[in-house]
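Novice: Sharing a structure here in structure tokens format.
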Amino acid sequence: MPVPDVSSPPAGLPESALAGLGTRPFGVYVHVPFCATRCGYCDFNTYTAGELGTAASPRSWLDALRRELELGAQVLGSPPQAETVFVGGGTPSLLGADGLAEVLEGVRSAFGLAPDAEVTTESNPESTSPEFFAGLRAAGYTRVSLGMQSAARHVLQVLDRVHTPGRPVEAAREALAAGFEHVNLDVIYGTPGERTGDLQASLDAVLSAGVDHVSAYALIVEEGTALARRVRRGELPAPDDDVLAADYELIDSVLAAAGLTWYEVSNWCTGEAARCRHNLGYWRGGDWWGAGPGAHSHVGGVRWWNVKHPGKYAGLLAEGRSPEADREVLTDADRHLERIMLELRIAEGLPLSALDAEGAAQARAAAAEGLLDQSALDSQGRAVLTAPGRLLADGVVRRLAG
């Protein structure tokens, strides 16, 4: 197997980026680029078998992935053990439990896993089974995230989702029965044609599954997607901001009443142990190695991303070359803005000490307007979004950043 060249850019990292490695949270993200079908709203870097042809396969991707993980260990020198691993996509469950076990073994071999590592994989409910979940548990996975999106058949049809409405709840129960303590269900709200009753039915279904974590995302019409083309042609209306706000308030109210409280603007859970530690690493400015086609990485203020096509990705690594497409070194101003943007999204909020004088003044003004928690500002010196503030989070960020 060719050894990737890490002696010169683009693979190498400056000493300044490596200096604090291990003092910040460290995780590994693995991008699986395969999907059985393409959902109309999705703009992720994914490919169906028909789109790839003979250019790439799960086998060639797995071989390339192991090469990149070994490259990561070389670049980082003495990397810390991975505290979290998140396998996303795409549809990781298409690899089956054996394929996902191989992914985790590659991470373990290259970086090692912390004794209490959180190991998550996303899964499409239609490509799971009790045997699949049992295999994941045996391999060392600790957390599963299932794409539900909606319990309403007509909403799923607009999104081009292929699973049957009841299957996500069944899959969640199968995961729990296999021994997973931490199971997430994803919901999308604001789909054209979705009624309040549809959203309520989706929330009822989520709660009936007994999961300890829920993610809820407003539908975004991304350019270049089939959904965007339908909206542009007038076949579907664009999501309405007022409807999205009302939907969010309903979600927050229903989940809170059931004992799931928000810890990030789009995420609710039953308690500290149920939080997604991998995503918290992103929001708290941690480091991570992103492996796979199109995956993004960040270490010590340096961000880079891989080539997107699985065939090119595998080819570069087979030749002993880095799959990096490009990178950026964040300036102090970039890092300041990102800290505000990310930390303000979580329930602990942002310390006022992270703001300049004008930002602190804006925080006090936002608290007076009910967008930030006045008590947290006064007693803890922290900017914490209120429920109305979460609806206007982007605007609050712009105010505090100046």
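Novice: Do the conditions hold for Arg382, that is, is it touching a Pro at 6+ places or on another chain (Cβ under 6 Å), surrounded by 16 or more Cβ atoms within 10 Å (Cβ to Cβ) and more than 30 Å from Pro79 (Cβ to Cβ)?
Specialist: yes
Novice: Considering every residue within the range 33-52, establish whether at least one is among the β-branched types (Val, Ile, Thr) and outside any loop (DSSP other than H, G, I, E, B).
Specialist: No, every residue in the range 33-52 fails to be among the β-branched types (Val, Ile, Thr) and outside any loop (DSSP other than H, G, I, E, B).
Novice: Need pairs with beta-carbon distance below 7 Å; first residue at positive phi and within the range 253-280, second modelled with pLDDT of 95 or more and not charged (D, E, K, R); sequence gap 6+ or separate chains.
Specialist: The qualifying pairs are Gly259/Thr270.
Novice: Residues Gly370, Gly389, Gly395: which one is more than 20 Å from Gly281 (Cα to Cα) and part of a loop (DSSP other than H, G, I, E, B)?
Specialist: Unique residue meeting the criteria: Gly370.
Novice: Does the range 15-33 hold any residues that are open to solvent by less than 20 Å² (accessible area, probe 1.4 Å) and in contact with a strand residue (DSSP E or B) (Cβ under 8 Å, 6 or more places away or on another chain), and which are they?
Specialist: Of everything in the range 15-33, those that are open to solvent by less than 20 Å² (accessible area, probe 1.4 Å) and in contact with a strand residue (DSSP E or B) (Cβ under 8 Å, 6 or more places away or on another chain) turn out to be Ala17, Phe26, Gly27, Val28, Val30, His31, Val32, Pro33.
Novice: Counting just the residues of the range 230-277 that are in contact with a strand residue (DSSP E or B) (Cβ under 9 Å, 6 or more places away or on another chain) and polar (S, T, N, Q), which one comes out surrounded by the fewest Cβ atoms within 10 Å (Cβ to Cβ)?
Specialist: If we take residues in the range 230-277 being in contact with a strand residue (DSSP E or B) (Cβ under 9 Å, 6 or more places away or on another chain) and polar (S, T, N, Q), then Thr261 is surrounded by the fewest Cβ atoms within 10 Å (Cβ to Cβ).
Novice: Every residue in the range 364-379 that is of a type outside the set (Gly, Ala, Ser) and open to solvent by 20 Å² or more (accessible area, probe 1.4 Å), please.
Specialist: Selection gives Arg364, Glu369, Leu371, Asp373, Gln374, Asp378.
Novice: Another question about this same structure. Filter the range 278-310 down to the residues that are open to solvent by less than 20 Å² (accessible area, probe 1.4 Å) and either assigned to a helix (DSSP H, G or I) or among the aliphatic types (A, V, I, L, M) (or both) and list them by number.
Specialist: If the condition is that a residue be open to solvent by less than 20 Å² (accessible area, probe 1.4 Å) and either assigned to a helix (DSSP H, G or I) or among the aliphatic types (A, V, I, L, M) (or both), then His278, Leu280, Gly281, Ala291, Ala295, Val299, Val302, Val307, Pro310 are the ones that fit.
Novice: Return the pairs, sorted by first residue and then second, in which the second residue is surrounded by fewer than 22 Cβ atoms within 10 Å (Cβ to Cβ) and at pLDDT 95 or above, the first residue lies in the range 298-311 and is farther than 27 Å from Arg59 by Cα and of a type in the set (A, V, I, L, M, F, W, C), the beta carbons are less than 6 Å apart, and the residues are 6+ apart or on different chains.
Specialist: Within 6 Å, the pairs are Val302/Val329.
Novice: How many residues are in contact (Cβ under 8 Å) with a residue 24 or more places away in the chain and open to solvent by 10 Å² or more (accessible area, probe 1.4 Å) if we restrict to the range 153-162?
Specialist: The qualifying residues number 5.
The values are calculated or read from the model by the stated rules, or taken from the named source; none is laboratory data. This is a predicted model, so every value here is computed, not measured. Every residue, glycine as well, gets a Cβ built from its backbone with ideal geometry; the counts of neighbours run over all protein chains shown. Calculation scope for accessible area: heavy atoms of the full protein, side chains included, ligands and nucleic acids excluded. Shrake-Rupley method; radii C 1.70, N 1.55, O 1.52, S 1.80 Å.
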